[in-house]
Amino acid sequence: MNIAALFTTQHTLNKRIIHEHQLESKDLFSEQLLAFLVELGELANETRCFKYWSKKPSSEKEVILEEYVDGLHFILTMGIALDFMNFEPGRTIEQEETLTKQFTRVMERTHQLHQERSETSYIQLFQDFLMLGQMLELSEEEIERGYYEKNQVNHKRQDEGY
């Protein structure tokens, strides 16, 4: 996955949004972090991994992918806000044994980043989010394709005054 290209593409969208909504003087990190957590919750809801009381299966893979790339938009945005864009996340071999625990781990890493705002915390969060994608059986190619498709949708939304 070309992380540098994803950051560049996200930076372009972020600059547009900040300019068009006149947010140049605002620190939006808390909003971005909450947006990421909301997207993560929406993704968990679509997987239904925690719904032990329900027999209904998870959503289709394309729905899961769309929710995952929504989260990717915000995790990239947080990296841009903190100026942590020049790294290549290593392969994480450590993962939780269930999706539910991996979601919880990503949420914990998000809260850790909120407290520390350190590059180490950000990279750990990013790696755990990528591991979540692997556990969801999303390939890097699918993630990149989904990201760029959703990025176009996000630009169109801005064109339409979203």
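Each reported figure results from applying straightforward, stated rules to the coordinates on display, with no laboratory input. All of these numbers come straight from a predicted model, not from anything done at the bench. Cβ sites come from the backbone with ideal geometry, for glycine too, and all protein chains shown count toward neighbours.
Just one of the numbered conditions (1) closer than 15 Å to residue 42 by Cβ; (2) part of a helix (DSSP H, G or I); (3) in contact with a Ser or Thr (Cβ under 7 Å, 6 or more places away or on another chain) is not true of residue 103; which one?
All conditions are met except number (3).
Six or more apart or on different chains, Cβ atoms under 8 Å: show the pairs whose first residue is in the stretch 5-19 and touching a residue at least 60 places away in the same chain (Cβ under 8 Å) and whose second is among the aromatic types (Phe, Trp, Tyr).
Taking only residues 6 or more apart or on different chains, the pairs are 6/147; 9/147; 9/148.
Of these, 148, 68, 122, which one is crowded, with 20+ Cβ neighbours inside 10 Å, within 14 Å of residue 3 (Cβ to Cβ) and of a type in the set (Ser, Thr, Tyr)?
122
So which pairs qualify, if the first residue must be in the stretch 39-56 and touching a residue at least 24 places away in the same chain (Cβ under 8 Å), the second must be among the charged types (D, E, K, R), the Cβ gap must be under 6 Å, and the two must be at least 6 apart or on different chains?
39/70; 42/67; 43/67
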